[in-house]
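Input: a single structure, listed below in structure tokens.
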Amino acid sequence: MKKILSIIAIVAVMATVATSCKEAPKESMSAAETITESAVDPVVALCMEETSRNPIEILEKLMSHPDCPMHGPKHHVLVGAALLTAYNNCLPDSAKLNLEEALAEMRERGEQVPGGACGYMGACGASISTGIFLSIATRNTPLSTDTWRLCNLCTSRALEQVAENGGPRCCKRDSYLSVLTAIDFVKEHLGVEMEKPEVTCSRSQINEQCIGKKCPFSQQE
């Protein structure tokens, strides 16, 4: 009996060691490797391949992904991700962001903005996303001074444009308005000029709440 118990104890120890050995590589992974491993995320994958300086163009690609619905909190991440990518592509090599880490941070912060914030909190998530973008780009914190002012001002300007162009919700319209506002804001305050195209909506037929001709991006005459 003692021999049997000894054998069982040895087997248990060996199993524990084997499990620890399997888990060791993951525990020793660097933060960058962890981000890379999780970057199966189509948003990160697309943005990391992008060379465009046009955030609207990047946003269109992100919104055209099958996982992106007509409305919803995904836009709270996509607006900032498109801006971060285009902004970074405008910077000289010496000033570039660690884009992969910036996009991971964008996702983490953007996903904290709940769906329906436009109606229930009086602050559109797409507009808030411009402030998140600028906060990451300028390394802003709650204790910053000049960048603290700029990030809040950028969000407020985007919110103003969304408000002036009316409801009910249209996450595509609000995303366009927020990105276009951020392009002008960054040029004015940071001196970085992203490309700013004309925008025309191609999704009005699948939006039950479309405001038609009242929308600044409508193709209706």
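The values are calculated or read from the model by the stated rules, or taken from the named source; none is laboratory data. Everything numeric in this text was worked out from a predicted model, so none of it was measured. Using ideal geometry, Cβ is built from the backbone for each residue, glycine included, and neighbour counts are taken over all protein chains shown. What goes into the accessible areas is simple: the full protein's heavy atoms, side chains included, and nothing from ligands, DNA or RNA. Shrake-Rupley method; radii C 1.70, N 1.55, O 1.52, S 1.80 Å.
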Within the stretch 162-203, restricting to residues that are part of a helix (DSSP H, G or I) and surrounded by fewer than 18 Cβ atoms within 10 Å (Cβ to Cβ), the one that is farthest from the chain's Cα centre (by Cα) is Glu164
So, first residue on the phi > 0 side of the Ramachandran plot in the stretch 57-72, second residue part of a helix (DSSP H, G or I) and open to solvent by less than 70 Å² (accessible area, probe 1.4 Å), Cβ within less than 7 Å, six or more apart or across chains; the pairs are Gly72/Cys171
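Can you tell me which residue among Leu62, Leu46 is open to solvent by less than 20 Å² (accessible area, probe 1.4 Å), at pLDDT 90 or above and either in contact with a Ser or Thr (Cβ under 6 Å, 6 or more places away or on another chain) or in a helix (DSSP H, G or I) (or both)?
Of Leu62, Leu46, the one residue that is open to solvent by less than 20 Å² (accessible area, probe 1.4 Å), at pLDDT 90 or above and either in contact with a Ser or Thr (Cβ under 6 Å, 6 or more places away or on another chain) or in a helix (DSSP H, G or I) (or both) is Leu62.
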Selection over the stretch 65-99 where residues are over 15 Å from Arg139 (Cα atoms) and open to solvent by 40 Å² or more (accessible area, probe 1.4 Å) yields a count of 9
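So if I check each of Glu188, Glu160, Glu208, which one is at pLDDT below 95 and more than 20 Å from Ile58 (Cα to Cα)?
Glu208 is the lone residue from the list that is at pLDDT below 95 and more than 20 Å from Ile58 (Cα to Cα).
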Of the residues in the stretch 109-137, those that are of a type in the set (S, T, N, Q) and surrounded by fewer than 17 Cβ atoms within 10 Å (Cβ to Cβ) number 1
If we ask which residues in the stretch 99-122 are part of a loop (DSSP other than H, G, I, E, B), among the aliphatic types (A, V, I, L, M) and either in contact with a Leu (Cβ under 6 Å, 6 or more places away or on another chain) or within 16 Å of Leu78 (Cβ to Cβ) (or both), their number turns out to be 1
**Request:** For Ala158, indicate whether it is out of contact with any strand residue (DSSP E or B) (no Cβ under 8 Å at 6 or more places or on another chain), open to solvent by 20 Å² or more (accessible area, probe 1.4 Å), under 30 Å from Glu208 (Cβ atoms) and not in a loop (DSSP other than H, G, I, E, B).
**Result:** no
